[in-house]
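Notes for the one structure printed next.
Readers should treat all values here as calculations from the given coordinates under stated rules, not as data from a laboratory. Please read all numbers here as calculations on a predicted model, not as lab measurements. Because the Cβ atoms are built from the backbone with ideal geometry, glycine has one as well, and the counts that use them run over all protein chains shown.
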Amino acid sequence: MTATSTVTTTSVSLAVRDVHLAFGANKVLRGAHLDVARGGTACVIGPSGSGKSTLLRTINRLIEPDSGDVLLDGRSVLRHDPDALRQRVGMVFQQFNLFPHMTVLRNITLALRKIKKLSEDEAAQVARAQLDLVGLAAKADSRPAHLSGGQQQRVAIARALALQPQVMLFDEATSALDPELVKGVLGVMADLSAGGMTMVVVTHEMGFAREVADTVAFMDRGVVLEAGEPAAIFESPEHPRLRQFLSQVL
Ligand SMILES: Nc1ncnc2c1ncn2[C@@H]1O[C@H](COP(=O)(O)OP(=O)(O)OP(=O)(O)O)[C@@H](O)[C@H]1O
């Protein structure tokens, strides 16, 4: 199974610049920075509540930052209409958010018809091709409830990829899965990364971060405290907070 040919659009570079965000008195992001090269994969790690999901959500403007900016190929996402932005920046959540009353195929064709204005036949063709790439061609006519959690998450990935995004965001995409189902989803994500998709992956899977990421960013209390190549982060972490975190999770 390879997702290489899913990258049908040009990927872009991504930069998060000095993003601040408070929920009331709770300063969740306090000047966060992140750089992802075109076609690169950044894994964001860090303790619970450090702002990882919130940072991810500011990238596609599910949450508007109070200040700072997010740049795709050097251009501010704040200039985009949010709906147009979300076509360029696909997102996969911990909970798969599939429509339970629709078949797998329809879950994917819905957005293709509404947003891309494809005909039913065209949309079905794209959807079947994406399902094939995540190894689920045989499940096109099933309902989500008849799929395992891992299969549902692969459908959610196929649905996001069908819109031909230039960046993919993964928010703890495997955290809700039974351990034996994690590998298949991580495999799809690793293939996508190898195929040149620009990706930001919030994850507790340190093995994935070590093997797949170009950059690992450690978040703590609303800032990226340390970022670098996986070998540097995991083998010679500089910041005491990162050392402490790694000693707890590895
Ligand atoms: N919509 C919201 N309204 C108010 N507070 C929020 C909201 N979303 C997140 N928070 C708060 O922001 C802080 C950071 O949350 P966030 O989900 O970004 O952390 P995280 O690093 O992803 O944690 P985890 O690993 O547990 O998912 C937490 O204190 C959380 O309670």
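For this structure, a couple of remarks:
- The phi torsions of segment 42-55, fed into the Karplus equation with coefficients 6.51, -1.76 and 1.60 and a -60° offset, translate into couplings of 10, 9, 9, 10, x, x, 4, x, 7, x, 4, 5, 5, 4 Hz, rounded to whole numbers, with Gly and Pro shown as x.
- Angle between the chain longest axis and helix 120-133 axis [Cα atoms, degrees, rounded to 10]: 50 degrees
- Axis angle, to the nearest 10 degrees, between helix 149-162 and the longest C-alpha principal axis of the chain: 80 degrees.
- For segment 9-44 versus segment 201-230, the spacing of their alpha-carbon centroids is 12 Å.
- Charge dipole (debye, nearest 20) of the chain; +1 at Cβ of Lys and Arg, -1 at Cβ of Asp and Glu: 640 debye
- Packing-based order for 196-207, 108-119, using average beta carbon neighbours within 10 Å, highest first: 196-207, 108-119
- Rounded to whole numbers, the Karplus 3J(HN,Hα) couplings from phi for segment 95-112 are 8, 6, 6, 7, 7, x, 8, 10, 5, 4, 4, 5, 4, 8, 6, 3, 5, 5 Hz, using 6.51 cos²θ - 1.76 cosθ + 1.60 with θ = phi - 60°, and x at Gly and Pro.
- Under 5 Å from the amide H of VAL28 lie the amide H atoms of LEU21, ALA22, PHE23, each residue being 5 or more positions distant or on a separate chain, with H modelled from the backbone and absent for Pro and chain starts.
- Ellipsoid fit via the Cα gyration tensor, segment 99-250: semi-axes of 34, 16, 12 Å, each the root of five times an eigenvalue, largest first.
- Efficiency of FRET from Cβ geometry, SER175 and GLN244, R₀ 25 Å, rounded to 0.05: 0.70
- Between the C-alpha center of segment 153-181 and that of segment 67-91 there is a gap of 20 Å.
- For segment 86-113, the residues whose amide N sits under 15 Å from a probe point set 7 Å from the Cα of ALA145 along the beta carbon direction are 98-104.
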